[in-house]
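The values are calculated or read from the model by the stated rules, or taken from the named source; none is laboratory data. Just so you know, these numbers come straight off a predicted model, no measurement behind them. All Cβ positions, glycine included, derive from the backbone under ideal geometry; neighbour counts span all protein chains shown. These area figures cover heavy atoms from the full protein model, side chains too; ligands, DNA and RNA do not enter into them. Shrake-Rupley method; radii C 1.70, N 1.55, O 1.52, S 1.80 Å.
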Amino acid sequence: MAHIITQVCCNDGACVDVCPVQCIRPRPGDPQYSTAEQLYIDPKACIDCGVCQEACPVGAIYADYDLPAEFDEYREINAAHFAADPILDWSLRPLPDDARSVDEGRLRVAIVGSGPSACYAAAELIGIAGVEVSIFERLPTPFGLVRSGVAPDHQQTKRVADQFGEVLSHPSVRCYFNVEVGRDVSLAEILEHHHAVIYAGGAKSDRQLGIPGEHLPGSHSAREFVAWYNGHPDQAGRTYDLSSRRAVIIGNGNVALDVARVLARPAGRYATTDLADHALDALDRSMIRDVVVAARRGAHEAAYTTSELLALRQLEDVTVVSRADEVRIDDQRLSAACDAAIGPIARRKRDLVAAMADAPVASDGRSISLRYMLSPLEIHGSERVEAVSFARSRLMLKNGALALEPTNAVETIETRLVIRAAGYRGQPVPGFPFDQARGVIPNRAGRVWDRDADAPFAGLYCAGWIKRGPSGLIGTNRVCSRETVAALLEDFATERLARAIRPAADFDALMGGRCASVDAQAWRRIDGAERAAGARRNRPRTKFVRVEDMLASASGDAG
Ligand code: NAP
């Protein structure tokens, strides 16, 4: 018997920390960790103690005998991870020494942002007695992409917010929500009252396609579309034209699949989720039945994770279909070269997609078409989007190596809705240096780096997507933030953060005169009101989508 990690694994490594026989891989710090699709349990080494199951923040781990039928394949997926690289030494690992403390008031840290990387950084810091943490968030509600990014049909993933909520309510944490750093308070003012600042505000923009027509009406970034259906106040007022039968999504990551499901499934499937009401109404009237997801590379190079691909197959009302000529390789030499060149995860993804080849779709049916080797050329339309054209590539052998080669063939797909899901991108942050090429704050292990002086900026740190780029699952941020906090604590221990700062009470007084700041207690009132409104309709919550309504609820004035 063994325990098995399944679809919603968030990669935060909490299970690794507690596993007494260290049979979970990859571990934070292992070279494959940052790119791992999920974590895996070695069935030969697992002693079935169930401690990992309790530690998992998203309920992704099951005992073998309790494994729901829809996760059957994860038995094999977990075991296969160890086929080539078995764990030979299952030695017990000593627990880390957490018994650290600092004198009260000696270390006060500000964190900008309240998404996963911010909450994980705060969690690390409050593990040290005496450290005080201030969290700044532009909106009255916390949790960043957990609230406005995670798909509404992935409610289990959002359970991690319960853990984050405990961090926000910790006595050493002060929350300043509805406060925009740079508008309501400056970085210099924060530094006058804190020894260090960790910027964890995420990636606020989009990777551009760089093709004509990219910004025609009807062509939208997935980041904004996702924020719209998740009720982010910045996007709630938007409207989308869902009147054509076909929508085209450009890009092939997990965000592309999230959007594909939302567009293709009947709106009723979301009625018991926290999908924003305005989006539920719009999707209910939607005429979209065929969603094309266009990848520029092959099925074995997809950016989505295996678990999200497997989950597509569970959709009851939607046929997921690929094209045999794009996913099957008839040439024996090419096929053998491909098998030799790609690893087991890529092979599984390709085989799963190949098994969907040319699946029949009823004429009135709903479908998601997974298309490959289509590089976007142009988005066409005189006043708005009418079609997208793609250059077709083909897989070939170049000097014995697998390569993708452009052909002269062009395919044009008609649509009124294009969603560009080519990835997120960081934006420059006032007061911090910026690496334009990578879209991140230049840093070393989270220390913000002055590349001219080749030295850190004292007291400035970063974590999350603005530190390492927009990749990884929610839990990947736990390890990222831990690295940043370790650097900060090292600087504290070596007195590189030693300087006089003004008392916390002065800062509260300063903020009090500036804006309607929302603290943890006030946020709990918003949270409670949303949950109560949701419960009346058999939903986890009904979100406020206007800042005014959130603030009224925070102050107890909501009706
Ligand atoms: P992503 O994983 O980086 O995928 C971006 C996609 O856009 C790739 O397929 C990429 O293709 C494509 N692309 C980039 N530039 C392009 C261009 N010029 N033309 C055509 N295609 C282009 O980004 P994401 O989907 O936004 O996800 C961001 C992160 O959040 C990922 O780590 C993801 O796993 C995570 N996430 C996870 C979940 C989940 O666990 N359920 C849900 C949502 C997001 P190439 O590969 O060819 O570059």
- Do we have any residue at all in the stretch 68-85 that's modelled with pLDDT under 85, away from the ligand (no atom under 16 Å from the Cβ) and either closer than 27 Å to Ala151 by Cβ or in contact with a Pro (Cβ under 9 Å, 6 or more places away or on another chain) (or both)? yes
- Message: Filter the stretch 245-266 down to the residues that are at negative phi and within 6 Å of the ligand (Cβ to nearest atom) and list them by number.
- Response: Ile250, Asn252, Gly253, Asn254, Val255, Ala256, Asp258
- Message: Restricting to the stretch 424-440, give me the number of residues that are open to solvent by 40 Å² or more (accessible area, probe 1.4 Å) and not aliphatic (A, V, I, L, M).
- Response: 7
- Message: Based on this model, can you work out whether Val385 counts as among the β-branched types (Val, Ile, Thr), open to solvent by less than 30 Å² (accessible area, probe 1.4 Å) and over 27 Å from Ala36 (Cβ atoms)?
- Response: yes
- What are the pairs, 6+ residues apart or on separate chains, where a residue within the stretch 135-154 that is without any contact (Cβ under 8 Å) to a residue 40 or more places away in the chain has its Cβ under 7 Å from a residue that is within 16 Å of the ligand (Cβ to nearest atom) and of a type in the set (Gly, Ala, Ser)? Phe143/Gly115; Phe143/Ala161
- Task: Among what's in the stretch 271-282 and is in a helix (DSSP H, G or I) and either free of Cβ contacts under 8 Å to residues at least 24 places away in the same chain or within 16 Å of the ligand (Cβ to nearest atom) (or both), pick the residue that is nearest to Glu308 (Cα to Cα).
- Result: Leu280
- Task: Find the residue count for the stretch 121-146, including only residues that are open to solvent by less than 40 Å² (accessible area, probe 1.4 Å) and within 16 Å of the ligand (Cβ to nearest atom).
- Result: 3
- Test set (1) in contact (Cβ under 8 Å) with a residue 60 or more places away in the chain; (2) more than 26 Å from Leu312 (Cα to Cα); (3) open to solvent by 20 Å² or more (accessible area, probe 1.4 Å); (4) more than 24 Å from the chain's Cα centre (by Cα) - Tyr65 fails condition number: (2)
- Message: Of the conditions (1) open to solvent by 30 Å² or more (accessible area, probe 1.4 Å); (2) closer than 30 Å to Trp449 by Cα; (3) acidic (Asp, Glu), Asp206 satisfies every one except a single condition; which number is it?
- Response: (1)
- Item | Inter-residue pairs, beta-carbon under 6 Å, first of a type in the set (Phe, Trp, Tyr) and in the stretch 359-388, second within 16 Å of the ligand (Cβ to nearest atom), 6+ apart | Tyr372/Ala295; Tyr372/Gly298; Tyr372/Ala299; Tyr372/Glu326
- Query: Is there a residue being more than 30 Å from Arg468 (Cα to Cα), open to solvent by 30 Å² or more (accessible area, probe 1.4 Å) and within 16 Å of the ligand (Cβ to nearest atom) anywhere in the stretch 359-378?
  - Reply: yes
- Task: Sort through Ala403, Ala421 and tell me the only one that's open to solvent by less than 80 Å² (accessible area, probe 1.4 Å) and under 28 Å from Pro266 (Cα atoms).
- Result: Ala421
- Leu397 passes all but one of (1) closer than 27 Å to Val385 by Cα; (2) more than 16 Å from the ligand (Cβ to nearest atom); (3) at pLDDT below 95; which number fails? (1)
